[in-house]
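Working notes, structure below.
Computed from the coordinates by the stated procedures, all read-outs in this text should not be read as laboratory data. The structure presented is a predicted model; accordingly, all values stated were derived computationally and were not measured. All Cβ positions, even for glycine, are placed from backbone atoms using ideal geometry, and neighbour counts span all protein chains on display.
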Amino acid sequence: MTKKRDSILHIGFDDTDSLSGSCTTHIATKIIHRISEEVEFLDYPRLIRNNPNVPWKTRGNGAIAFTLGLKNENIENVFSTASQIIEDLHQKDPNTNPGLVAVKNHIPNEIKQFSINALKDVISINKAKAIARKFCSYHFTIGNGRGLIGAIAAIGNNLNPEKEDFSYELLSYRSPEYIGKKRQVSSESVRKMDKQLSPHVFNNIDEESGKILITPAGKDPVLYGIRGETPEVLLEAFDLVHVSEPVESFCIFRTNQGTDQHFNYSDSMIRNFSVYKGEIEVIEKPRILLGGHTIFNASTVKDNKIIDVAAFEPSKKFREVVRKLLPGDRIMAYGGIKYKQEYQKFTIQLEKCEVVHISEQFKEESPFCPNCSKRMISAGKNKGYKCRKCGHKDRNITKLRVPIIRNLTRGLYIPPAQAQRHLVKPFRRYNLSKKDNVNFVENWYKILSKTQ
Ligand SMILES: [Zn+2]
């Protein structure tokens, strides 16, 4: 489908959904369907996950961007079609504040920098509005316009294959009459698909609980989402997963999910709601809190700041590793920072960690008798030790300092898939070779049943 084009238009939008329904990726497929006659898609639609620690995020803090080739005379129409669809389909809710922006041709460096900040920090709506006014050809908001933040960030984060890691997700959507009902997806087929296509698909199944993860809970229009390395493997997965309800449509997105992109740009500065990556030293033995969360006190290696470090209950076996840490151990901590007003303290909420140094730990034990090698017992305070077998006494003999064998290995630890944030790189993706191009497949998006 080669079309004549005079311009490239980058469109980004965010914050069209809420916990009670709708979904930004679904709105994306509606827009794609409506504008596909007028434009050429120069990239897959991108699903960009931003800083997961911002407190007002939509479910996964995910925004959408399109890179389109089109004729100049169609630009305005394409933008107004997109804004009309967002106006009509966004979740009408005071906490849903959609934003839509468009940039022509070259993406300014200010927008690229904005995208990097959005991965790891909190950005104000005013900052986003200023960028939109200055660098975007068009912008459109509803409510307070918070969605502008993700919208601009998605445009600037173009997942350039030469620089960035990326993955794909195929999202399929339900027929409207099924929304809210139980999803009819065969778990058995998902297990088979995962086994057959591993390691080129990921996070379909939770490795600890065996739970199927491709189907969301709740009332949104997503039937399931499959994550993987190439569009081809996702189309294969689509054929392997059996469903017993109509699939309205599907669409493949290119995404920063499973890439650690937020950690690649983060640092070891302590800022509320930011993404943290830095080495820390354990100060005290971890404590288990009510509800199963594990928490310990630590200091940052770089600047000796005292912080709490937490591994939450959903991270399951990951906590068992954290519980084995002892004072003097050092880990590379990867996570999000929250300031706790009541303790006036920052907490790093761990998303993964690498044990880099295991400290030597000792315990004290009674000495052995120099005559008969039996273990001696205390002869009283400051009176040394005596042997019960041969009667030998020694005032000056001291306790033995015995090294404790640490049941902990250096290396990387990641919570199970079920507890992972979208951006976190799972083990399965660690040994894959880097992708150096974006390969367009014919059927990257398809309407399967006419519904409206
Ligand atoms: Zn003895």
>> Explain nothing, just the number: relative contact order of the range 211-366, from Cα pairs under 8 Å at least 6 residues apart, as a whole percent.
In response: 18 percent
>> Which three extents, in angstrom, do the Cα atoms of the range 238-279 have along their principal axes, listed largest first?
In response: 49, 18, 16
> Along its principal axes, what span do the Cα atoms of the range 7-158 show, with the longest given first and each in whole Å?
Replying inline: 40, 33, 24
> Over the chain, what is the mean sequence separation of C-alpha contacts under 8 Å (at least six apart), divided by residue count, expressed as relative contact order in percent?
Replying inline: 15 percent
> With no solvent and one point per C-alpha, what does the Debye sum give as log10 I(q)/I(0) for the range 262-301 at q = 0.14, 0.21, 0.24, 0.25 Å⁻¹?
Replying inline: -0.42, -0.80, -0.89, -0.90
> Between the range 149-171 and the range 250-276, what's the alpha-carbon centroid distance in Å?
Replying inline: 11 Å
>> Considering only C-alpha atoms, what is the centroid distance from the range 35-75 to the range 279-305, in Å?
In response: 39 Å
> Taking only the alpha-carbon atoms of the range 338-452, what semi-axes of the equivalent ellipsoid follow from 5 times the gyration tensor eigenvalues under a square root, in whole Å, largest first?
Replying inline: 63, 20, 13
> What net charge is computed for the residues neighbouring residue 433, neighbours being all others with C-beta under 14 Å from the C-beta of residue 433, Lys and Arg scored +1, Asp and Glu -1?
Replying inline: +1
> Based only on Cα atoms, what Rg/Rh ratio does the range 167-259 have, Rh being taken as Kirkwood's radius?
Replying inline: 0.94
>> As a footprinting exposure proxy, order 80, 266 by other Cβ within 10 Å, with the fewest listed first.
In response: 80, 266
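Once the other residues with Cβ under 14 Å from the Cβ of residue 404 are scored (Lys, Arg +1; Asp, Glu -1), what is the net sum? Mind dumping the intermediate values first?
Working: positive: 285, 324, 363, 401, 406; negative: 329, 360, 364, 365.
That sum, taken over residues with Cβ under 14 Å, equals +1.
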> Membrane-span-like helices in the chain: DSSP H runs reaching 20 Å or more (Cα, own axis), mean Kyte hydropathy at least -1.0?
Replying inline: 75-89
> For the chain, max minus min Cα coordinate along each principal axis, in Å, sorted largest first?
Replying inline: 103, 49, 40
> So, with +1 on the Cβ of K and R and -1 on the Cβ of D and E, and no other charges, what is the size of the charge dipole of the chain about its Cα centre, to the nearest 20 debye?
Replying inline: 2860 debye
>> If you consider only alpha-carbon coordinates, what radius of gyration and Dmax does the range 215-328 have, in Å?
In response: 20.3, 57
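Please report, to one decimal in angstroms, the Kirkwood hydrodynamic radius of the range 363-402 built from all distinct Cα-Cα pairs.
Numbers: mean 1/r = 0.1011 Å⁻¹.
The answer is 9.9 Å.
Under the rule a/c < 1.5 gives rounded, and otherwise a/b versus b/c splits prolate from oblate, where does the range 109-179 land using the Cα gyration tensor? Don't skip to the answer; put the middle values down first.
Details: a/c = 2.31, a/b = 1.24, b/c = 1.86.
It is oblate, given that a/c is not under 1.5 and a/b is not larger than b/c.
Please give the net charge around residue 328, taking every other residue with its beta carbon less than 9 angstrom from that of residue 328, where Lys and Arg add +1 and Asp and Glu add -1.
Once all neighbours under 9 Å are counted, the net charge is -2.
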> Which distance in Å, rounded to a whole number, links the C-alpha centroids of the range 333-357 and the range 227-244?
Replying inline: 36 Å
